[in-house]
1. On a 0 to 90 degree scale, rounded to 10, what angle separates helix 59-68 from the longest Cα axis of the chain?
2. Could you please state, rounded to a whole Å, how far the C-alpha centre of the stretch 22-57 is from the C-alpha centre of the stretch 81-104?
3. What nm value, rounded to one decimal, do you get for the distance between residue 118 and residue 60 when each label is placed 7 Å out toward the C-beta?
């Protein structure tokens, strides 16, 4: 029988507790809480939810916080990157290849966004020229 979804189900929130400890440690080391929250890309409300261990942040949120702070997700969680790479390599996963693919993907999307902006400008210029005529 599948567990009941929602709050009635008891969940071991180890990851939430770990994230709470690390976010609070990093904020204290940063010194200025407001500046830390801004750099991490989180609101004061989100910060307090996270440090209480009450939150259920998405992977995107965790990655956004790590990127904002200029660190890897592993560093954010307090894990040694070399150990993580070794552990996942045992399962045939190459983190360096994943990172390279993500960077290439981000670069391609940035290029597409640039082309889209240029296209919009060209259309706006044409429309402006037609209105004058």
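No lab work stands behind these numbers, since they all come straight from the coordinates. As the structure is a computational prediction, the values presented were derived from the model and not from experiment. Note: ideal-geometry Cβ built from the backbone for every residue, glycine included; neighbour counts use all protein chains shown.
1. 80 degrees
2. Each part reduced to its Cα centre gives a spacing of 27 Å.
3. Taking the simple label geometry, residue 118 and residue 60 are separated by 2.8 nm.
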